[in-house]
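To keep things clear, I will list the structure first and then write my remarks on it.
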Amino acid sequence: MKKLIVCVLLTVFFITLLAVSPAFSAGQEAKIVLRVGHIRDTSHPTHLAALKFKELVEKNSEGRIEVKIYPNSQLGSPQEMFVQMQTGDLEMVYGGINTFAWIKGGEALEITAIPFLYRDYEHMRNSLLSDFFQPIIEKAEKETKIKIININGDTAPRGLTTKDRPVRNADDFKGLKIRTAASPTVLAAMKTLGALPQQIPFAELYMALKTGVVDAQENGALVVISNSLYEVQNYYVKTDYIRDIETFYMGMDTWNKLSKEDQELIYQATEEAGDYETMLTQVQLNSAYKTLKEKMTVIIPDGESIREKLLGIFDEWEGVKWPEGLLEKIRNVK
């Protein structure tokens, strides 16, 4: 009889223990941990925006969702991090929309890196968030198993510097010896404009500009300042000819496991964090342009003449890399 009483008491004790334990309490949700990787350094607007995302998610979830940020390519290159999201070894990445074209299934997003296509950040973002672009996003998500949560966060665009020639319109590119990236789209654009693109390692660029091996180069304002290229170039031409937008990505399996409420919470945090990055980038660029105006002649070229000269050069990719007519739809976005 005593043994029976002891057994009953022990049973009641363990049932009570389970009932009051936080891990088993009714309504108690397990903690969610989201690791976010990116390639920028800790002073870059992308990292500061990622920290803003962390702050917002943890605050609005009351600590139920924890966000861990990994900057400086700690988790690998963009391609490597995309693979980690596909395998479930990483939850999130904050990186350029251009890079999504680098993985199988995301090839149509190469349209985001077409030179001189986008007039400004608003034009580019409005295009990518438009109704006509949504099926392309959905197809890429399905094929890559990666969710594009939000395309939001301006980055510094690429411009042009020249030594002796002020480039003000499409005709001024003719015969210009310019160092460019070895990108098929960039090479095609520069050759169509009549320039003579050259491939020179970045480490050798300053000396190549100084000695006249090339007349020009196509990095943006921040690179020109940080590498003192203004010492060997006289003109900064604000072409802004290749743009990118930082994008919040998540592995599709991870996304689908979240409740609708948590998905909305995370989306709202990406919206505010992306806007924060855009603001920081503009502050940085305004300061850079002010510095450049003290050291160089800054030119705002006739962008329409350049875009008109390039009409048709990427038509062979229409219906191949992306749907027929997509370039024209983007051009027509206000």
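Throughout, read-outs are computed from the coordinates displayed, never taken from laboratory work. Everything numeric here is computed off the predicted structure, so don't read it as measured data. Positions of Cβ are generated from backbone atoms using ideal geometry, with glycine treated the same way; all protein chains shown enter the neighbour counts.
Largest GNM mean-square fluctuation across 63, 220, 106, computed for the chain with C-alpha springs under 10 Å, falls on 63.
Pairs of Cα atoms under 8 Å, at least six residues apart: use those to get the relative contact order of the chain, whole percent. RCO, the chain: 23 percent.
Averaging over all projection directions, find the projected area of the Cα convex hull of the range 278-334 and quote it in nm² with one decimal place.
On the way: hull surface 24.4 nm².
Result: a mean projected hull area of 6.1 nm².
Straight Cα distances below 22 angstrom link residue 147 to the lysines 31, 52, 54, 68, 104, 139, 257, 260, 321, with same-chain residues fewer than 8 positions distant left out. The C-alpha atoms of the chain occupy a region whose extents along the principal axes are 104, 43, 32 Å, arranged from largest to smallest.
Just want the ordering: 283, 213, from fewest to most Cβ atoms lying within 10 Å of their own Cβ.
Values: 283 11, 213 14.
In order of increasing Cβ crowding within 10 Å: 283, 213.
Put one equal scatterer on each alpha carbon of the range 218-334, apply the Debye formula with no solvent term, and list log10 I(q)/I(0) at q = 0.09, 0.14, 0.23 1/Å to two decimals. Each listed q maps to, in turn, -0.45, -0.92, -1.20. With the biggest extent put first, the Cα atoms of the range 75-174 measure 52, 33, 22 Å across the principal axes.
Ranking 140, 225, 113 by Cα position along the charge dipole of the chain, where only Lys, Arg, Asp and Glu carry charges on their C-beta atoms, puts 225 farthest toward the positive end. Could you work out which residue, out of 114, 137, 313, moves most in a Gaussian network model of the chain, that is, has the largest mean-square fluctuation with Cα springs under 10 Å? Highest fluctuation of the listed residues: 313. GNM on the chain, alpha-carbon springs under 10 angstrom: the most fluctuating residue among 248, 173, 53 is 173.
If you take all C-alpha pairs in the range 149-205, what percent of them are over 15 Å apart? All intermediate terms of the calculation are to be shown ahead of the outcome.
Values: 908 of 1596 pairs.
The answer is 57 percent, as a whole percent.
In order along the range 257-270, the Karplus-derived 3J(HN,Hα) couplings, from 6.51 cos²θ - 1.76 cosθ + 1.60 at θ = phi - 60°, round to 7, 7, 5, 4, 5, 6, 4, 5, 4, 5, 4, 4, 5, 5 Hz, and Gly and Pro are given as x.
Determine the calculated [θ] at 222 nm for the chain from helices alone, applying -39500 (n - 2.57) to every DSSP H run no shorter than 4 residues and normalising by the residue count; nearest 500 deg cm²/dmol. Don't jump to the answer; show the numbers that get you there.
Details: 12 runs with 141 residues, N = 334.
Mean residue ellipticity, 222 nm, calculated: -13000 deg cm²/dmol.
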